[in-house]
Amino acid sequence: MRSDVIINEVLAKCDVLKMAGLWPAEPRLRPRAWLGNFDPEDRPLAACLLDKFTYYNALFTDRLFVASYQSLGDGMSKGPRAPGRTLLLQSIENALFTPVRGEKPNPTDSGYFLCRKARQLLGIPEERIVETDQALAHASSGGTVIFLDDFVGSGDQFLSTWQRNTNGHSFQDAMVREGFVGIYVTLITTDFGLNTIHSKAPDVAVCAAHVLDKKSTVFGLNTEYPAIQDLLNKYTPRLNPKEAYIDGCYRLFGYKTRGLLFGFEHSIPDATLPIFWAPGTGNWEPLIERN
């Protein structure tokens, strides 16, 4: 297929997604400007990479969240030592909901966004949505805690919340002492992050709408991958991400080299390829900026 045909077909698809309201209008998401970053001979391959990018708007994000929460009752295993369906459903009657905090807790952590969604979409009363210290006290008395976040890449953020010592206590300690029911509701998880949580917090029930394996990353593009790696090697030096920790291989493939290809309307994961979201030098135009 001719190079110009590939580019035009991908841009036409982007236009359809915009007209359908599935992608936001310019300048929030700008495929043409993004393709303009690349030399003419590289644009067909960049267009192929753009074609793999998945964007979840607010409506689809809401549906993912509801589906993740409702999966509590699907009877599927949620972890190596996680409670079964009956106990999970019984336990949510006394559950408190709390956000997963980042390794460096911040009021903008995405867990807070999901807490608001829990009130709006699930009808959870405001008084049952609490900060970490209140949730920890509840867990220490044997009460159920439901942790909320939008995405699991490496599992680091959840484990930071799980293991963080607060006045000599942690959720991990409370699980050993009290055996409370811990539930982690997230929209999307990588298989890497899921396995990490299963390994280090095996009693936690993890509920996610999608589990991404290698096939859902840049590394799963098979025949295109070697050429795409060359593309990333060529253009990544032009990127200048605001996040100091996105460097080296992380600048090529995102945090913990996950190589992801998606974003939410409210946030782009740092594990998604920075070539999509990072600012850069020389009038570089991100496809979509990371909030």
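All of the numbers you see were taken from the coordinates with simple rules; none came from a lab. Owing to the predicted nature of the structure, the values given are computational and were not obtained by experimental measurement. Because the Cβ atoms are built from the backbone with ideal geometry, glycine has one as well, and the counts that use them run over all protein chains shown.
Odds and ends about this structure:
- For the range 169-199, the set of residues classified as part of a strand (DSSP E or B), of a type outside the set (A, V, I, L, M, F, W, C) and farther than 26 Å from GLY143 by Cβ consists of THR190 only.
- Scanning the range 241-276 for residues that are among the polar types (S, T, N, Q) and surrounded by 21 or more Cβ atoms within 10 Å (Cβ to Cβ) gives a single hit, THR272.
- So CYS48, is it surrounded by 13 or more Cβ atoms within 10 Å (Cβ to Cβ), touching a strand residue (DSSP E or B) at 6+ places or on another chain (Cβ under 8 Å), assigned to a helix (DSSP H, G or I) and hydrophobic (A, V, I, L, M, F, W, C): no
- Output for the range 59-85, where each listed residue is loosely packed, with under 15 Cβ neighbours inside 10 Å and over 18 Å from THR189 (Cα atoms): LEU59, GLY73, GLY75, ARG81, GLY84
- Qualifying position, being free of Cβ contacts under 8 Å to residues at least 40 places away in the same chain and either of a type outside the set (Lys, Arg) or within 28 Å of LEU194 (Cβ to Cβ) (or both), among LEU45, LEU22, LEU72: LEU22
- If you go through the range 19-45 and keep only what is touching a helix residue (DSSP H, G or I) at 6+ places or on another chain (Cβ under 9 Å), closer than 19 Å to TYR55 by Cβ and among the charged types (D, E, K, R), you end up with GLU26, ARG32.
- Once the range 150-199 is narrowed to residues that are small (Gly, Ala, Ser) and surrounded by fewer than 20 Cβ atoms within 10 Å (Cβ to Cβ), the residue that is farthest from ALA58 (Cα to Cα) is GLY168.
- Per the conditions (1) within 16 Å of the chain's Cα centre (by Cα); (2) without any contact (Cβ under 8 Å) to a residue 12 or more places away in the chain, the sole criterion not satisfied by GLN120 is (1).
- Whichever residue in the range 200-215 is without any contact (Cβ under 8 Å) to a residue 24 or more places away in the chain and part of a helix (DSSP H, G or I) and, among such residues, is surrounded by the most Cβ atoms within 10 Å (Cβ to Cβ): LYS214
- Some residue of the range 95-111 being under 25 Å from LEU212 (Cβ atoms), in contact with a His (Cβ under 8 Å, 6 or more places away or on another chain), buried (at least 20 other Cβ atoms within 10 Å of the Cβ) and of a type outside the set (Asp, Glu): yes
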